[in-house]
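Derivation of every value follows stated rules applied to the coordinates shown; laboratory data play no part. Everything numeric in this text was worked out from a predicted model, so none of it was measured. Cβ atoms come from the backbone with ideal geometry, glycine included; neighbour counts cover every protein chain shown.
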Amino acid sequence: MHGDEPDEEKRLKEKEFERRLIEEMGDISSELAHDLRSPLQTIQNAVYLLERSPENPMFYTMIRESLKQTTQILDNFRDFYKGHMLKMVDADIVKAYEMGISELEIPDDVELTLEADEIERFSMDPTKVALVFRKLIKNAIDAMAGGGEIRVGIEDRGDHVEVRISDTGSGIPEEVVKVIYYPFMAKRKGGRGLGVPACKRIVEAHGGTIGFETSLGEGTTFTFTIPKG
């Protein structure tokens, strides 16, 4: 009798995991469908109007912008769900930073500075680490509607590298702070949905940690670590 208890406990845990997985998949499917509905509806409307006025360039612009929005939604979804799938190679973390910002548009009123220690190449997925840089710096830019400064620091801590990304933006509201690592939850509170959760998955897949400090009206600092082992 007693010998069956561990198996029963394992079975209950598996059922609970399955239940939570199905629930999470349902929530995310619902959110994804909700996010895609708006740009797809815009495309449908633009096509309808083009049939009646094919010379109007505004409708082509509507379609291009909506397709871009749709692609961004799907890319964010992919980044989150493939965050744990790493391709480890010896790489330079400063090069990963440069790769990350190469795809960003830095506004003229935003000053981006980097201070980095000399760090030898170590095992990481540089594409995924670049994605973390890109998403966190993009969030910092978005938090500074009137411009400001973003300071990136990369420090050698012996067995790991520590990265700090600080901005002088609006800070993160308390209601977003509580849910910022949960998929789509921060979006409901005025956040961005999948960006920070994707960063968390990537950093933790490397064996690192991520955290932040924020002050309303003064700015936010995200800190993450990547082990060098």
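Coupling constants for the range 138-143 follow from the phi torsions by the Karplus curve (6.51 cos²θ - 1.76 cosθ + 1.60, θ = phi - 60°), and in residue order they are 4, 4, 5, 4, 5, 7 Hz; glycine and proline get x. Couplings for the range 144-152, taken from phi via the Karplus curve 6.51 cos²θ - 1.76 cosθ + 1.60 with θ = phi - 60°, read 10, 4, x, x, x, 10, 10, 10, 10 Hz in order; Gly and Pro are left as x. In plain terms, the chain from Tyr181 to Arg157 could stretch by 6.1 nm, reckoned as 0.36 nm per residue minus the Cα-Cα distance. Remark: the range 97-108, residue by residue, has Karplus-estimated 3J(HN,Hα) of 4, 5, 5, x, 7, 5, 9, 9, 9, 8, x, 4 Hz, where x stands for each Gly or Pro and the curve is 6.51 cos²θ - 1.76 cosθ + 1.60 at θ = phi - 60°. Taking amide H as placed 1.01 Å from N in the peptide plane, the amide H of Arg157 sits under 5 Å from that of Glu162, each at least 5 places away or on another chain. Using R0 = 25 Å, the C-beta based FRET efficiency linking Glu16 and His84 works out to 0.75.
Protection proxy ranking of 88-100, 162-174, by the mean of other Cβ atoms within 10 Å over each peptide's residues and highest first, is 162-174, 88-100.
When Leu131, Leu36 are arranged by Cβ crowding within 10 Å, least crowded first, meaning fewest neighbours, the order is Leu36, Leu131. Taking amide H as placed 1.01 Å from N in the peptide plane, Ile150 has its amide H under 5 Å from the amide H of Glu111, Leu112, Thr113, each at least 5 places away in sequence or on another chain. Site pair Asn56 and Thr223 shows an inter-label distance of 5.5 nm when each label is modelled 7 Å from Cα along Cα→Cβ. Cβ-to-Cβ counts within 10 Å put Val176, Val161 in ascending order as Val176, Val161, the fewest first. Evaluated on the range 104-229, the Kirkwood hydrodynamic radius is 14.9 Å, with distances taken between all distinct Cα atoms.
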